[in-house]
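First the structure, in the form of structure tokens, and then the observations on it.
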Amino acid sequence: MSKQVSDGQPQGAKLAVVIMAAGKGTRLKSRRPKVLHEIGGKPLLAHVIAAAGHLVTRGDIFVIVGHQAERVRAAVSASGVQFVEQAEQRGTGHAIQCARAAVQGYRNILVLSGDVPLIRPETLEKVWQFHQSEKAAMTILTAAPEDPTGYGRILRKRHHDTPEVEAIIEQKALTGEQQSIREINSGIYAFQTAPLLTDLDKLTANNAHGELYLTDVAGLLRAAGERVVAVQAAEASEVLGANTIAELVALDATLRAATAKRLMAAGVTILRPDTCVIDAEVEIEPDTILEPYVQLLGHTRIGTDCRIRSYSVIENCTLGNDVLVRQACVLAESTVADGARIGPFAHLRPGSEIGEDAHIGNFVETKKARLGKGAKANHLTYLGDAEIGAGTNIGAGVITCNYDGAHKHTTRIGERAFVGSDSTLVAPVTIEDGAYIGAGSCITKDVPAGALAVGRARQVTKEGWAAARQARQKKQE
Ligand code: UD1
Ligand code: CA
């Protein structure tokens, strides 16, 4: 934000955003601070910070922390926001009092609630524009949901042709007639800083919770002859708060439904979208199909023409085009190149890089394993700390013994090699291009290119042994 030359007011940046996030969230009955509960795979507070980040730079965002402050800070400090401490949580009005020193250099502040996470940047922009054009001291974002229970209500001025507001009345203080007001306070406001800071000191805790309510500032500003206005959000769903686990789950469903809708609008097929769990930042190219009960988490990216079959869980992975992930696979922090086939029941652990057209079959586990183009490990295998060249075939039951009890070691296998079934490869060990490993081998020494290595006990065959044994047994009887 550009610095403004003052006209009698303190010089400083124009707008700061203050996010109230110090509350405990008693109604959640949870040990985790409310603003760190997640929807769409991300903490509530992170959603609010992301929305605020569209209006101001991160340095102009002040997060008020209090309950489990260290934990809350740690969770979002990477975003570059500032923090203000509210050591004792004495209400939303008190929270803003604690931010006084931080915000007095700004002409205006936008106050957001850390537990109202679905707010869109466009709506915040609308509030900010309305606040400026109305030259208001306080602008309240409101909504008219089906069920307003639990929210503060907006007491409008009687004339209908003005956006002006008389007061905000909290649920517990509603008198008879006021019970029918459907317009709610979203907990999101714009303020001119100077009149706000003057009236903040006049707040009293004379209410049902014995707290200092920020909402009382509306009435105080009105009494001081200041302009207090309301602007309604287009969709009530965007300003719903999360005070209980049921409300959190409802917000999560709303957010995920919106994500699925966005993806489908962009050409992705999601069969039974209500059964899929797709995080907000997942990206998928058109013509990919997600079967029911798929979970796509974190920063997962999937190319075009892929098919992800049911019960697979994919977290922070990048998949190319034409990839098939069969049923019940678990993929984490891995990449899968074009045309690869995974599963069913495969486990790609962090650092797996599956090459183009490679196959990872059932009950195969990989970790920090790189498979080249067309390499195959189709059955019952563990590949950890391994490099496997293009066109190499890993037989059923092969195991890289990568851990000696103290350190991890690497197994290197060249191109077009063949590792027979049930072989154990004791790392560090290198098998060069085109080498063959006999089935059932325990390989402890490097194998040169094109060689055959067999590391197993020689078979002993005793002709007629069974009959001889029977005869011995008969004699003993
Ligand atoms: C508040 C509003 C209510 C509005 C609703 C919208 C007040 C008095 N009431 O009620 O009119 O309809 O939001 O969702 O403001 N917080 C602090 N410090 C505190 C107390 C709270 O930082 O001392 C934070 C909380 O962490 C939360 C936010 O402020 O993120 C709102 O507090 P909460 O207790 O949830 O207020 P509501 O009862 O929902
Ligand atoms: Ca709330």
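The values are calculated or read from the model by the stated rules, or taken from the named source; none is laboratory data. Keep in mind the model is a prediction, meaning the values are calculated, not measured. Quick reminder, even Gly has a Cβ in these numbers, built from the backbone with ideal geometry, and neighbours come from all protein chains shown.
A few points about this structure:
- Subset tally (residues that are more than 20 Å from ARG222 (Cα to Cα) and surrounded by 13 or more Cβ atoms within 10 Å (Cβ to Cβ)) for the stretch 143-156: 6
- For ILE181, the stated conditions do not hold, so it cannot be described as under 21 Å from MET20 (Cα atoms) and either charged (D, E, K, R) or more than 29 Å from the chain's Cα centre (by Cα) (or both).
- Test: THR162 is polar (S, T, N, Q) and at pLDDT below 95: yes
- Single condition SER237 does not satisfy, out of (1) in a helix (DSSP H, G or I); (2) farther than 16 Å from PRO43 by Cα; (3) at pLDDT 95 or above: (3)
- When the residues of the stretch 75-124 are filtered to those that are in contact with a Pro (Cβ under 9 Å, 6 or more places away or on another chain) and not small (Gly, Ala, Ser), the one that is farthest from ligand 1 (Cβ to nearest atom) is ARG107.
- From the list ALA16, ALA75, the one residue that fits, being within 14 Å of the chain's Cα centre (by Cα), more than 16 Å from ligand 2 (Cβ to nearest atom), at negative phi and in contact (Cβ under 8 Å) with a residue 24 or more places away in the chain, is ALA75.
- Every residue from the stretch 204-232 that is hydrophobic (A, V, I, L, M, F, W, C), in a loop (DSSP other than H, G, I, E, B) and either within 12 Å of ligand 1 (Cβ to nearest atom) or farther than 19 Å from LEU155 by Cβ (or both): ALA205, ALA208, LEU212, LEU214
- Check on ILE245, under 22 Å from LEU45 (Cβ atoms), surrounded by fewer than 21 Cβ atoms within 10 Å (Cβ to Cβ) and either more than 15 Å from ligand 2 (Cβ to nearest atom) or not basic (Lys, Arg) (or both): yes
- Test for ALA190: is it surrounded by 20 or more Cβ atoms within 10 Å (Cβ to Cβ), more than 12 Å from ligand 1 (Cβ to nearest atom) and of a type in the set (Gly, Ala, Ser): yes
- Inter-residue pairs, beta-carbon under 7 Å, first more than 12 Å from GLY298 (Cα to Cα) and in the stretch 27-41, second within 8 Å of ligand 1 (Cβ to nearest atom) and of a type in the set (Gly, Ala, Ser), 6+ apart: PRO33/GLY25; LYS34/GLY23; LYS34/GLY25; VAL35/ALA21; VAL35/GLY114
- Residues of the stretch 200-215 classified as within 16 Å of ligand 2 (Cβ to nearest atom), touching a residue at least 40 places away in the same chain (Cβ under 8 Å) and not aromatic (Phe, Trp, Tyr), total: 5
- Qualifying residue in the stretch 189-199 (condition: more than 16 Å from ligand 2 (Cβ to nearest atom), farther than 25 Å from HIS37 by Cα and assigned to a loop (DSSP other than H, G, I, E, B)): no
- Members of the stretch 233-267 found to be under 23 Å from TRP128 (Cβ atoms) and within 14 Å of ligand 1 (Cβ to nearest atom), listed by number: ALA233, ALA236, SER237, GLU238, VAL239, LEU240, GLY241
- Elements of the type strands (runs of 3 or more DSSP E) sitting completely within the stretch 326-416 and holding at least 1 residues that are under 26 Å from the mean Cα position of the chain (by Cα) and surrounded by fewer than 21 Cβ atoms within 10 Å (Cβ to Cβ): these cover 330-332, 359-371.
- Flag if ALA457 is without any contact (Cβ under 8 Å) to a residue 60 or more places away in the chain and either surrounded by fewer than 10 Cβ atoms within 10 Å (Cβ to Cβ) or assigned to a helix (DSSP H, G or I) (or both): yes
- All conditions but one from (1) within 16 Å of ligand 2 (Cβ to nearest atom); (2) under 20 Å from VAL277 (Cα atoms) apply to ALA253; the one that does not is (1).
- Taken together, the residues in the stretch 132-153 that are more than 29 Å from the chain's Cα centre (by Cα) and among the hydroxyl-bearing types (Ser, Thr, Tyr) amount to 3.
- The stretch 117-131, residues that are more than 18 Å from ALA21 (Cβ to Cβ) and either surrounded by 15 or more Cβ atoms within 10 Å (Cβ to Cβ) or within 24 Å of the chain's Cα centre (by Cα) (or both): ARG120, PRO121, GLU122, THR123, LYS126, VAL127, TRP128, PHE130, HIS131
- Contacts under 9 angstrom Cβ, first residue in the stretch 157-186 being under 17 Å from VAL217 (Cα atoms) and free of Cβ contacts under 8 Å to residues at least 12 places away in the same chain, partner of a type in the set (A, V, I, L, M, F, W, C) and surrounded by 10 or more Cβ atoms within 10 Å (Cβ to Cβ), 6 or more apart: LYS157/VAL165
- Residue within the stretch 195-218 that is of a type in the set (Gly, Ala, Ser) and within 30 Å of ASP279 (Cα to Cα) present: no
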